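I have placed the structure first, in the form of structure tokens, so that the comments after it can refer back to it.
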Amino acid sequence: MNILVVEDDDNKRHQLVTFLMETYRDLKCVEAKSYQSGLKAIINERYNVVFLDMTMPTFDRAPAEGGGRIRPFAGREIFAQIASRHIAQRIIVFTMFEVLGEGENQVTALELDRQLRGTYDKNYIGLIYYNAASSEWKGRVKDLVGQIGGNE
């Protein structure tokens, strides 16, 4: 199985990748840390599934760099880019925020789930709420990967 994890938070990415490596046989896991590197990876290669964060910087950042502006809906922008390019890529949103965006653009994770399901139904599998203090997200990962035929 070939998986891409697009996530800028080092701990969250590490937790997910470690869980995936422990859970699935013959797994190749590629990591990206920003909007640009995630989009480039999706355009250049096909994955069985992509785990996609919503809020991330524009570019990968080194420890002393900012990585460009933070995009509150970078994940949704990636959905739009792959839809416009007619890329058939299965995506699971993996977020630690129950509310995303700011001001008038603020949405709950539940609202975001409905929006993505309605707009990108060919690509969107589901949303996982990640909480570092709980392991419930692991069961949800197994459920959603199972929907696309992931093997244990």
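The values are calculated or read from the model by the stated rules, or taken from the named source; none is laboratory data. Computed from a predicted model, the values in this text were never measured in an experiment. Using ideal geometry, Cβ is built from the backbone for each residue, glycine included, and neighbour counts are taken over all protein chains shown. In case anyone asks, the SASA skips ligands and DNA or RNA and just uses the protein heavy atoms, side chains included. Shrake-Rupley method; radii C 1.70, N 1.55, O 1.52, S 1.80 Å.
Numbers below:
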{"quantity": "Any chance Leu116 is under 25 Å from Pro57 (Cα atoms), part of a helix (DSSP H, G or I) and among the hydrophobic types (A, V, I, L, M, F, W, C)", "calculated": "yes"}
{"quantity": "Complete set of residues in region 20-41 that are assigned to a helix (DSSP H, G or I) and farther than 25 Å from Phe73 by Cα", "calculated": "Met21, Glu22, Thr23"}
{"quantity": "Filter pass, Gln81 being touching a helix residue (DSSP H, G or I) at 6+ places or on another chain (Cβ under 7 Å), modelled with pLDDT of 95 or more and open to solvent by 50 Å² or more (accessible area, probe 1.4 Å)", "calculated": "yes"}
{"quantity": "Test result for Ile92, open to solvent by less than 60 Å² (accessible area, probe 1.4 Å), in contact with a helix residue (DSSP H, G or I) (Cβ under 8 Å, 6 or more places away or on another chain), within 22 Å of Glu22 (Cβ to Cβ) and not in a helix (DSSP H, G or I)", "calculated": "yes"}
{"quantity": "Hey, Ala133 of a type in the set (Gly, Ala, Ser) and assigned to a helix (DSSP H, G or I) or not", "calculated": "no"}
{"quantity": "Filtered residues of region 118-152 (kept if out of contact with any strand residue (DSSP E or B) (no Cβ under 7 Å at 6 or more places or on another chain) and of a type in the set (Val, Ile, Thr))", "calculated": "Thr119"}
{"quantity": "Region 100-113 - residue that is open to solvent by less than 80 Å² (accessible area, probe 1.4 Å) and outside any strand (DSSP E or B) and, of those, nearest to Leu144 (Cα to Cα)", "calculated": "Asp113"}
{"quantity": "Residue satisfying all of: in region 18-34; within 12 Å of the chain's Cα centre (by Cα) and open to solvent by less than 20 Å² (accessible area, probe 1.4 Å); nearest to Pro57 (Cα to Cα) among these", "calculated": "Ser34"}
{"quantity": "Boolean, Thr58 is among the polar types (S, T, N, Q), at pLDDT below 95 and over 22 Å from Gln115 (Cα atoms)", "calculated": "yes"}
{"quantity": "Filter result (over 10 Å from Ile3 (Cα atoms) and touching a strand residue (DSSP E or B) at 6+ places or on another chain (Cβ under 6 Å)) within region 17-47", "calculated": "Ala32, Ser34, Tyr35, Gly38, Ala41"}
